[in-house]
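Okay, so here's the structure we're looking at.
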Amino acid sequence: MSFFFRASRMRPSPQELVRSIKESFVALDTKTGAKALEDVEKNVLTLRHTLSGDGEVEPNQEQVVQIALEICKEGVLSLFVQNLPSLGWEGRKDLAHCWCILLRQKVDESYCCVQYIENHVDLLDFLVVCYKNLDVALNCGNMLRECIKYPTLAKYILESSSFELFFQYVELPNFDIASDALNTFKDLLTKHEDAVSEFLSSHYEQFFGLYTRLLSSTNYVTRRQSVKFLSEFLLEAPNAQIMKRYILEVQYLNIMIGLLKDSSKNIRICAFHIFKVFVANPNKPRDVIQVLVDNHRELLKLLHNLPSGKGEDEQLDEERDLIIKEIEKLVRLSV
């Protein structure tokens, strides 16, 4: 059974629409053929028009809420995710659009669809794994970023084994998918400060061990995006404790020194913004000081050759001069 717009502009009730959607998905799962797929995609399109309007008829908010409740009651969100790869391009786009609207529906101070996903977290794992599927990767990325807006769902992904897959995805040869995965990765690490702080505190070595591989990637885009994000992420106030821990470790100082030698101006500047914190730290460990002193000639040369700051980074020259003076001071004290 399939509903679509007729001349009378009649629409099915929320219960009828959700029942029709479920039946068409079940039929798609049990039989093949263009007709079964056509029924699913017609129903998903009708759902999209009902949830967000069609340019002529505005959505009825009471109906939208009722649809969200019915979809959770009938387990249709699971069918959405499980059957996403079977749909055509337009069908996947419509379904992802509906997913985002449904998750935002609040019923009695709670988000029913978010609660459904909390009780079916395997859907999140499935969406993450789908980044490996070129056809649905961008749709899944869109759906995941909507999920990440909610602390419980973001926390689950962070702490799941699926999270490590993002360190692979950001290096995928398909630029669009790799960039999309990086955007999802950034959202996971920036949307919810408390959850991220808790995660990094308990997974510090594992996380930065994996991240170091990105900073050392032979792929220029991966290297540039990774060091840029890290330079922004570590310097954010909520991550102060993580940064203090990071700048105590010689292995990460050496990574930044290596990036200061990169052929890319942008990478060198981003690396400097992390390197300067190692140097400016008033509580530098002895082994960090030793590395700075032992390599001071090379470091001073690299800093003097650092591109001049301008535009948004107009303080770069001043900061560079201060770091140069601090390294020269360390050398004098070591004599």
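So here's what we get for this one:
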{"item": "Among (1) touching a Gly at 6+ places or on another chain (Cβ under 7 Å); (2) open to solvent by 30 Å² or more (accessible area, probe 1.4 Å); (3) of a type outside the set (Gly, Ala, Ser) - the single one Glu159 does not satisfy", "result": "(1)"}
{"item": "Any hit, region 285-295, residues being at pLDDT 95 or above and outside any helix (DSSP H, G or I)", "result": "yes"}
{"item": "Neighbours by Cβ (under 8 Å, 6+ apart or cross-chain): first from region 290-308, of a type in the set (A, V, I, L, M); second open to solvent by 80 Å² or more (accessible area, probe 1.4 Å)", "result": "Leu302/Lys261"}
{"item": "Residue list for region 33-68, restricted to those being among the basic types (Lys, Arg) and in contact with a helix residue (DSSP H, G or I) (Cβ under 6 Å, 6 or more places away or on another chain)", "result": "Arg48"}
{"item": "In region 246-266, the residues that are at pLDDT 95 or above and either charged (D, E, K, R) or under 21 Å from Thr190 (Cβ atoms) (or both)", "result": "Tyr246, Ile247, Glu249, Tyr252, Lys261, Asp262"}
{"item": "One residue from Leu248, Leu230, Leu235, Leu210 being among the hydrophobic types (A, V, I, L, M, F, W, C), in contact (Cβ under 8 Å) with a residue 40 or more places away in the chain and open to solvent by less than 10 Å² (accessible area, probe 1.4 Å)", "result": "Leu230"}
{"item": "Count of residues meeting criterion [open to solvent by 10 Å² or more (accessible area, probe 1.4 Å), in a helix (DSSP H, G or I) and more than 15 Å from Asn219 (Cα to Cα)] in region 259-270", "result": "4"}
{"item": "Considering residues of region 22-78 that are in a loop (DSSP other than H, G, I, E, B) and at pLDDT 95 or above only, the residue nearest to Cys100 (Cα to Cα)", "result": "Gly75"}
{"item": "Filtered residues of region 74-133 (kept if touching a Pro at 6+ places or on another chain (Cβ under 9 Å) and open to solvent by less than 20 Å² (accessible area, probe 1.4 Å))", "result": "Cys130"}
{"item": "Given (1) of a type in the set (Val, Ile, Thr); (2) assigned to a helix (DSSP H, G or I); (3) modelled with pLDDT under 95, number of the condition Thr218 does not satisfy", "result": "(2)"}
{"item": "Qualifying residue in region 315-324 (condition: part of a helix (DSSP H, G or I), under 25 Å from Ser217 (Cβ atoms) and open to solvent by 20 Å² or more (accessible area, probe 1.4 Å))", "result": "no"}
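The values are calculated or read from the model by the stated rules, or taken from the named source; none is laboratory data. Owing to the predicted nature of the structure, the values given are computational and were not obtained by experimental measurement. Neighbour counts are summed over all protein chains in view; Cβ atoms, including those assigned to glycine, are modelled from backbone coordinates with ideal geometry. Surface accessibility is based on the protein's heavy atoms, side chains included, excluding ligands, DNA and RNA. Shrake-Rupley method; radii C 1.70, N 1.55, O 1.52, S 1.80 Å.
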